[in-house]
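Okay, structure first, notes after.
The values are calculated or read from the model by the stated rules, or taken from the named source; none is laboratory data. Fair warning: this is a prediction, and the values are worked out from it, not measured in the lab. Please note: Cβ atoms are built from the backbone with ideal geometry, for glycine as well, and neighbour counts cover all protein chains shown. Surface accessibility is based on the protein's heavy atoms, side chains included, excluding ligands, DNA and RNA. Shrake-Rupley method; radii C 1.70, N 1.55, O 1.52, S 1.80 Å.
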Amino acid sequence: WSQIQRHHPDLKTRWEPALWAYHKRRETLSAFTQQIYKFGFGRGENIRRGSSHFFQWVPLLLLITMIASLAWPFYFVRLLGLYVAGLILVSVYEKITSGLAFFAQLFLYPLVHFSYAIGVIAGLAFAR
């Protein structure tokens, strides 16, 4: 949307309740991971073109911090503990409010975070 808005600043978004959006859920874990990676790749391309927001960098910063902290096990263990505690809190909240499967979330959230982060790196490095 930001690229369209850059060329047509007079356009505005609006809510249209009659509009339907169809999508197909990914059937395999591999297809889901590839989808998230491609989303991250596209985000990396957009960031390279000058369109970014702080929250788009968070998974990438997490990945870089986790890798850098491997040199200092003391910090890595604490950082990993904070990440897992955050995952547990978010998973409990989602289980209570949405009924989503708790243990599936503990597996899927890191998969999404790191697939996205690797995609952003690739998009920054190999933007078309």
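Is at least one residue of region 43-60 within 11 Å of the chain's Cα centre (by Cα) and at pLDDT 90 or above? Break it down stepwise before answering.
Here is the first cut: in region 43-60, the residues within 11 Å of the chain's Cα centre (by Cα) are 43, 55-60.
Narrowing further to those that are at pLDDT 90 or above: 43.
Scanning region 43-60, I find at least one residue that is within 11 Å of the chain's Cα centre (by Cα) and at pLDDT 90 or above, so the answer is yes.
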Query raised in the report: Among the candidates F55, F32, which residue alone is in a helix (DSSP H, G or I) and surrounded by 12 or more Cβ atoms within 10 Å (Cβ to Cβ)?
Result: F32
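Within the group F39, F107, which residue is open to solvent by 90 Å² or more (accessible area, probe 1.4 Å), modelled with pLDDT of 90 or more and closer than 30 Å to H7 by Cβ? It would help to see each step written out before you state the result.
Numbers: F107 fails: closer than 30 Å to H7 by Cβ.
Going through F39, F107 in turn, the sole match is F39.
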Report summary line: Filter region 13-29 for residues that are touching a helix residue (DSSP H, G or I) at 6+ places or on another chain (Cβ under 9 Å) and of a type in the set (K, R); the one that is most open to solvent (accessible area, probe 1.4 Å) is R25
Requested in this report: Report, by residue number, each residue of region 90-128 that is farther than 16 Å from P59 by Cα, aromatic (F, W, Y) and in a helix (DSSP H, G or I).
Outcome: Y93, F102, F103
Query raised in the report: Hey, among the residues in region 58-89 that are open to solvent by 80 Å² or more (accessible area, probe 1.4 Å) and among the aromatic types (F, W, Y), which one's nearest to H113 (Cα to Cα)?
Result: Y75
